[in-house]
Amino acid sequence: MTAENLQRFLVEVQKEENASLEDAQNIMNNLHELKILNVFHRRGLHLDAFFKYLFADINPPINPNRRIHHDMNAPLSHYFIYTGHNSYLTGNQLSSDCSDVPIIQALHKGVRVIELDIWPNSAKDDVEVLHGGTLTTPVALIKCLRSIKEHAFAVSEYPVVITLEDHLTTDLQAKTAEMITQTFGDMLFSPDECLKEFPSPATLKRRVLISTKPPKEYLKAKEVKEKDSTKEKDQDDTEAWGREVSDLKARYNDKDDSDEAEADDDDEEDPTSQPNTAPEYKRLIAIHAGKGKGGLSDWLRVDPDKVRRLSLSEQELGKAVVTHSKEIIRFTQRNILRIYPKGIRFDSSNYNPFIAWTHGAQMVAFNMQGYGRSLWLMHGMFRANGGCGYVKKPDILLKAGPNNEIFDPEANLPVKTTLKVTVFMGEGWYYDFEHTHFDAYSPPDFYARIGIAGVRADVVMKKTKTLEDNWIPTWDEQFEFPLTVPELALLRIEVHEYDMSEKDDFAGQTCLPVSELKQGIRAVPLHNRKGEKYNSVKLLMRFEFM
């Protein structure tokens, strides 16, 4: 295959309409540098080299990292923002260590919102970060702040927001303000007055913003509320924890309707109106949080003169979308909505983020130290826009329709486009896994699951046939996905190994934003359960829009 032939392939099959002869030649040069194409074949590709090109990292399914292509000049409220929950925890919510290490790891993944729960230390003369009322071991606030400063912009120049869950006395608020000011200096964005509109990510490059709720009286925050509840109990984990942790579970049960809901956003006004707040602490707050005194309708009230942040638990959101769906979307067009996991997620599991995203919620707070399908979706969403941690919301969530109608995620909408996916084959397990990992006495029996996550009408999961005894499965199967809201859709890909006697073995996964898929035949890298990319495991797939 000559450079001219390769250019034709790029245009006709890969749908890269602007691909030039120079682009084709650059690919050949890359293959030579990667030692895929030896010097005797520099004039063209032989079959083996072409096949290796298709499977190579230089043929990715979405644009490579650092290629930011969304408009970054709109207000912060116009973006989904990569958001962590209890960002300092190394493991479960009840007994793991608190540390700056998971904060650093999150920032290196592109997370832009870090949550810190701040409490007085035992001597009440300094500030610690810990999950209050649990057995988690604390870490000094100053250590977390210094690590944020050092790593905030390691992978993205766009702003970092620190959300503080504050349980401090006034004197310790003043001490916290001094720590923050001395640590971040000119990096801090602290407006003189409450913002009428949020600034844009572009104007806030390499800046740090503080967001917090109304401060608490320390004694009030210290009280442990006992609440009889017959709601969900997480029986599966009870035996795994020691007796002390089991007692904590009983106290924490349904915490998001009691302790955490109180702690995360009480029915108090803005911090600036609190007379017991240290003035230097007030001045640091860039994104003001609070619910107000009334009910849900009042919480979602849009103030034309100022913008703010509202926090709801995943349960509160679930109830709110039933009765106030349009009001939530209208609220998020100007203001920021943060959603956090319910309190009984002791194991740091997560929830389906799409209920929040399809209603415009910008800060969908996740336990980044957990893993599972919900977290895979989060990883997939923020692979978009060069992995910078800010993804522009589609216009359907930002603008009213021609008759002033608001987007309805449950509506029966017409199909906008159809994504056709061909799963050709996979390889790499032989190199990344022990040869007895899947089956002790025979090669693995792989199958793939391909589907869509998005608005309810688009959600589907399909499955290939199972290929027995083959380290390099060749399925060669085609699937079609009609999409009503492709702007919010993620392509879900999983590979499993069939096991007749036990649960099927996990063999890799990834999620890709449909809006960023490159058409043509692409090499799709797979990741492990925690979202870390395998060294060698990839699928060869073809994507076409019809």
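The values are calculated or read from the model by the stated rules, or taken from the named source; none is laboratory data. Being a predicted model, the structure only gives us computed values, none of them experimental. No Cβ is skipped: glycine too gets one built from the backbone with ideal geometry, and neighbour counts run over all protein chains shown. In case anyone asks, the SASA skips ligands and DNA or RNA and just uses the protein heavy atoms, side chains included. Shrake-Rupley method; radii C 1.70, N 1.55, O 1.52, S 1.80 Å.
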Given a 1.4 Å probe, the accessible area of region 417-545 per residue, as a whole number of Å², is 43 Å²
Whole-Hz ³J(HN,Hα) from phi, Karplus 6.51 cos²θ - 1.76 cosθ + 1.60, for region 150-167, glycine and proline x:
5, 10, 3, 10, 5, 10, 8, 7, 7, x, 9, 10, 9, 8, 9, 9, 9, 10
Anything over 31 Å Cα to Cα? Flag those among Lys291/Lys533; Lys392/Lys533; Lys213/Lys393; Lys399/Lys538; Lys205/Lys462; Lys15/Lys326, in the order listed.
Lys291/Lys533; Lys399/Lys538; Lys205/Lys462; Lys15/Lys326
In nm, spacing of pseudo-spin labels at His437 and Asp192 (7 Å Cα→C-beta vector)
6.0 nm
Report relative contact order for region 417-545 in percent, whole number only (criteria: Cα-Cα under 8 Å, sequence separation at least 6).
33 percent
Mean 1/r over all different Cα pairs, inverted: what Kirkwood radius does region 288-446 give, in Å?
18.8 Å
Let me see the P(r) profile for region 1-113: every Cα-Cα distance counted, bins of 10 Å, each bin given as a percent of all pairs.
12, 28, 17, 19, 17, 6, 0
Taking the square root of 5 times each eigenvalue of the Cα gyration tensor, what semi-axes in Å does the equivalent ellipsoid of region 52-134 have, largest first?
37, 19, 9
Over the chain, with every protein chain in place, what whole percent of the accessible area is carbon and sulfur at 1.4 Å, could you tell me?
48 percent
Using square roots of five times the C-alpha gyration tensor eigenvalues, list the equivalent-ellipsoid semi-axes of the chain in whole Å, biggest first.
43, 27, 24
Karplus ³J(HN,Hα) for region 284-299 (6.51 cos²θ - 1.76 cosθ + 1.60, θ = phi - 60°; Hz, whole; x = Gly/Pro) runs 6, 6, 8, 10, 7, 10, x, 9, x, 7, x, x, 4, 4, 6, 4
Convex hull volume per residue in cubic angstrom - Cα atoms of region 417-545
105 Å³
In whole percent, what relative contact order does the chain give with Cα contacts below 8 Å and a gap of six or more residues?
15 percent
